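What follows is calculated from the coordinates using simple rules that are stated; it is not laboratory data. None of the values given here were measured: they were computed from a predicted structure. Positions of Cβ are backbone-derived with ideal geometry, glycine not excepted, and every protein chain shown enters the neighbour counts.
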């Protein structure tokens, strides 16, 4: 009978995973700049009144989210960046002063929908189009000031690791203590240590979120105004809720310490489950799953994955270090039954997450996130294998050998936590850095300055400015553009063109394949002559 129940459980889990695969859809791309006004490399006759940035998903502005610099690297004060009331994916900064002719940089930084900071920069020019392409050093200098304080990423990574480990000690060991019948002072101390790690991690992540978002300084961790800004973001609110829930769990632990029998009451257990589930959901509701399609389903499955790992790892700690010899066999038996459920849940939910967050499995080694996931998967396979060995030893009563295997398994779980800390900070998408591809095409005295933004697969804007070495050129009467991917079966793409200003043209086109594309531009200065300009454009994946 027991064997039949186990088989039914496995069938239910597999069926649930299959239904999830059918229901879910691929994740959305990581937040990136789609278009802007002024456009990259645009040559304007006068200063713009405002700066408009359009992204591929909703973004949250931070302090000085949009900035302007002149060609000497001096900052020009503009208005605060605000989200457009019509579109949450658009940021607008007004108050641009009446600046003179010259070359200017627009630098931006915002929080994407999953809480990660995204930034970039591009140039535009007022007046003569000469020198528009000599801008990369200027852009690099501006972006170098947006890297944030040294060591911040390490501190946040350590805090995330401490948070994962702390929750395993807090919730996982607490579950074994209450549900597994382990009454031990040492276990109570471990649960308390888990709470301290979890709370310290949460506070650290909250105070470092500010300098991370604005690429500020270490002193910004004490800025109360930044704390207020952090609370306006989804990530900040999730962290604050986590702190409150952890304080509630602390109250339950204090009540349990005074009277352990309270753990058997329905109010204590139901409250503990609700608070623990809430803490887990604050991670899932502010991470990658929250920014994907089918976000509610993704958050729920991510929470199931996290809870399964917490119970698994916490149980390992309780069994390997804390179970007494007198009740070791009973505790191992209870942990084994729990592991039979949580390990398949952890594996199946992890597989679903991979399918959901990675648009194409063939691209999984093209990102840091994907490579890290491969490492995590390999370690997880080793852990599951050791779990099978432990079950084999349990049936043969080798308690000493079981402890050694469990310790090794626990060490691998710690590695998984470290790898997961890196996964949380990386993007699962294959994306090129937000930048502008700048190139120049020349035919005789005719010069074409070309800017392609964002310069990656997907929707792109192509801006073309026509000039001569002397800067004097009559307005071109007609222009056509086309894109070709040589040595491929991809058909030639005709780019629809719109005139922005005299000798300044723009075209929108969807470039769906990476590679070295050939852009051909046909100009008609007058009705009796034509000029062909050609250049190559590198489009990364």
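For the reader, a short list of remarks on this structure follows.
- Extension reserve of the residue 488-residue 440 stretch, reckoned as 0.36 nm per residue once the Cα distance is removed: 14.9 nm
- Length added when fully stretched, residue 277-residue 184, from 0.36 nm per residue minus Cα-Cα: 31.0 nm
- Full extension of the chain segment joining residue 261 with residue 512 gains 84.0 nm, where the gain is 0.36 nm per residue of separation less the Cα-Cα distance.
- Distance between region 473-541 and region 244-264 - C-alpha centres, whole angstrom: 68 Å
- For region 436-541, the spread of Cα positions along the three principal axes, ordered from largest to smallest, is 38, 25, 22 Å.
- Computed label-point distance, nm, for sites residue 222 and residue 351 using a 7 Å Cα→Cβ extension: 5.2 nm
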